[in-house]
Each structure stands twice: as structure tokens, then as C-alpha cells.
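Student: Here it is: the structure, laid out below.
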Amino acid sequence: MHEPSSVAQLADSLRSELDRYPADGKLPSSRALVERFRVSPVTVSRAIARLAAEGLVVTRPGAGVFRARPRTDTPPPGDTSWQEVSLSGDGGPEAVPRTVDASGVLVTLAAPPAGVIELNGGYLHSSLQPERALAAALARAGRRPGAWDRPPIDGLPELRAWFARDIGPALGAADVLITAGGQSALAVALRALAPSGAPVLVESPTYPGMLAAARATGLRPVPVPVDTGGVRPELLAAAFRATGARVFVCQPLFRNPTGAVLAPERRGEVLRIARAAGAFVVEDDFARCLVHDDAGPLPPPLAADDPDGVVVHVRSLTKVTSPSLRVGALAARGPVLARLRAIQVVDSFFVPRPLQEAALELVGSPAWGRHLRSVSAELRNRRNIMTAALRLDLPALALPHVPSGGGSLWLRLPGTGAGTDESAVVSAALRAGVAVAPGRPYFCAEPPSPHIRLSFAAVAGPAEIVEGVRRLRTACEETLGMLPAGSGDGCPAEEPTEPGGRTR
């Protein structure tokens, strides 16, 4: 056995044998377990600690490890039905529902059943994560003097300075707050910039986690349609006039879910329109480190071209490292920074210092550059493999845009409106052994057509991508009446664009 799997395996073995011992019965000594299972004393100690945390055993210093007595004082279930009245009986003037729909977020967070290929994930597969570099960074961080002390409220100065340099030369460390990941930063920004019940303009389609955060804050998301060049400025201006909104949330680079990039000629227009409306632009720059190695030079963040403080910039290390490295940043200029800071403090006080120290160690190590280059090449390879598999097995699914960054593809199903039930496709896909994300949660209003989102970053490798698409074809044949690939179904896919917007 090898750590960490050896700890889990030993814990499983001991857990399965507990029925051999009566309550308060003594388990074999650590030495006996070391000899029997051929593991180290450290592995035995950690496995026992795991069982103790589960309440299955108790350790008595000097005496040994004993099976815990079963609990007999479990209280009877209470009546919580009164909460339905309390949670829905809002007597305030706002017409915004108080319910929070997290289903669109949970689709990408929940692990699929065993044997199901995860084409709906939102994070890098463990094989793409810098696990060794993270472990080394955390070990070094934990040994730093004061690593477990209270950190500065705004975050470690060195980490704030690193984020500021990465965003652009116009920003300094004093303009940056360290947050617990990008989702937390978005939630803080939305609460800071708009009162409950206010409209907030969003791209359509867009990231479901942001929509959920907006609604949880009591805001009313209003969609602004986009195309392959990003948000359409004339529609953005019209939306500001019609709603009186003071916030626009956008992802100018490799927007989730389509992967589109805001066209160069629209960047200044978006800032000019927002400034004229007296509104903030929340720039969610989540995918900058997920660029593919054939993308060419990246445009700078909108915040880098914003002398007037229109942009509130959100950045995170989580997407390109690990779901558990929840370290991000908010950057802003002017009085709004004080409000962002106040809400951040009230919500969470501060981001744990060991995580900040580990993030600082990681981005300052030679392993950081190597990791970014490796991810960039692998994402491009996986994108190409998935694109080729879709054209071969599912030509009826439209792929209007092949992105040059991010970890997923956005596909339109045959038919329009209610003509195609995307939930039926998603359910059939799960039965066929592949999990895909439905498109409906990405729209804050009625979607113009049914879609699904497929992740090529969350799977183990190319073989799973090809097999996942094959299983999806089975689901589409079942639910959409599609003929097998190559048979011709009278519904050809749109001609997709290459990375950068070129038509094939």
C-alpha cells in the first residue's frame, strides 16, 4: 500500500472487521496491525484516527483502541414544516423570491455515480492538477513563521501584489482584496454594488453560479444576448436604458459556457456604455489561465484599460489548480473598494492564512510556469479530440464556436424551443453512462433553443472523451430519434469557427 490510498484501505479493512468485537472490545495493537497489513506505524495511526473521527472507535492513552459503544440516544425527528411558511412568507416590498436554486451549480460539483464518465464537471481532472507542487507549497507554507497566525484582513501583501501585477500595471496591491475563490468574490461584488430587488444585467447564456448568487442576494438578473464576439453593445445600451440597472456582469475572456472572447472593437464600447449609465462592470476573468496553446496573444483584462474605476475585477486560482485551493481576488478602484472590503469582512473575516501562504509559494515556484504550459497544451489536445469525436458521432449537434480557452464545448441540440427536451437527453445520457450539463441553467430567462455543455477538462483523458461522446450518441438516438452517425438525419451541424473566430 502507498499513502494516501493505504490509509483509506486500512481504514476500510478495520471498519469491516469491527463486528468481531463487542462494544468496548479492544482492537489489536498498533504493532500487530503493522505486521499484519505490512504498513507503517504512521499509516496505522492515521487509519485509527479516521475511524475515531467517524465515532466507530475510541482511543485510550496507555490502554489501546476500543470499539465505540453504539449510540442509543438518537432523538426522534422533529416537525420542521413550520419553516416552509417562515421562508416563503416575505412581507417586504421586494417581489424577488427568497428561494435559492443551486441546481445549476450542483450539476458541476456533484460527483457522478461510479462508472459514469463526467462530461459535466467544472474543474480540472486530478491528472491535470498540480498535486505534487501543491503538496510541496503547502508543506513549505506550513513551516513559515506565523503561518497559522491571523492574516491581514485584506490578504497577504505579497499575494495581493502578485494578483495586481497579473491583472495589469494600472493596479497596485492596495487595489486588491484576497477572497475565498471566485464564487465568493462574485457574491461579495453583487452584494456591494446593487440593493436587494435591483436589476443586474448579465450575458445570456452565462455562468449559473453567478445567476444563483445574484438571486440569493435578491437581485433580478436581466439577460443581454451575445454572439461569437461577446455581448452586443447596442443591446447592452438598450438594456441599461430600459431597466435602470447599475451593474453588468460579464466574462470577456472564454466566456462560460460558449468559450467566446469579447471582440476587440467592443471592449471600449462596453466600458463607455457602462460609464454613461453610471454602472459598474463586474469582470469575471475566471479562465485566463485556461488558455489553449494555439490561442495566440490574449487581450488584457478590462480592468487594465479602466482609469475611472468602472470595472470590479474577479480572479481566482481555483480553476487552474484544485477545487480546494479556494484563493481568489477582487480588484477595484475608488470608494467601492471600501464597501467590498466591509462585506468581505462581515461574510468571512479573512481567507485562512495557510491557504494564502500556500498559494504564494505555488505561484512563486518554477513549477507554476511548467504547470500552466502543461495545462495549456493538454486542454488544446482534449478540445481537438472532443471536437473530432462530435463531428464523427454526433454531426446533428451544432457546434457554432470552437473555443481557444476554457475546458468545455457548448452544443445546440436539434430542434428549437420546446421541440427538444434537453432534460430527457441529460437523463438518457446518465442511463447510458455519461453525465452532461443541461443548457437551461445558463439562461436567466427563456432559452432560445435547447443546449448541453460538455467538459473535456474534467475527465481522465482522451479515451474517456471518445467513449463519453459514443455514450452520448446512444442517448441522442434514444431521445431525439437521431440516426446513427453517417446515416444522414437531415439536420446538419452549423459550420463551426476555429479558435479565434475563423470559419472552417
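Student: Sort D175, D149, D284 by Cβ crowding within 10 Å, fewest neighbours at the top.
Tutor: D149, D175, D284
Student: Sticking with this one: Find how much the distance from T59 to A216 grows on full extension, using 0.36 nm per residue of separation minus their present alpha carbon separation; answer in nm with one decimal.
Tutor: Values: separation 157, 0.36 × 157 = 56.52 nm, distance 4.38 nm.
Extending this stretch completely gives an extra 52.1 nm.
Student: The range 427-452 to the range 304-329: how many Å between their Cα centroids?
Tutor: Centre-to-centre (Cα) distance: 28 Å.
Student: Which one, [x] 24.0, 91; [y] 25.4, 77; [z] 22.2, 68, gives Rg and Dmax of the Cα atoms in Å as derived from the coordinates shown?
Tutor: [y]
Values quoted throughout were computed directly from the atomic coordinates according to the rules given, and no laboratory measurement underlies them. Because the structure is a prediction, the values reported are computed rather than measured. Neighbour counts are summed over all protein chains in view; Cβ atoms, including those assigned to glycine, are modelled from backbone coordinates with ideal geometry.
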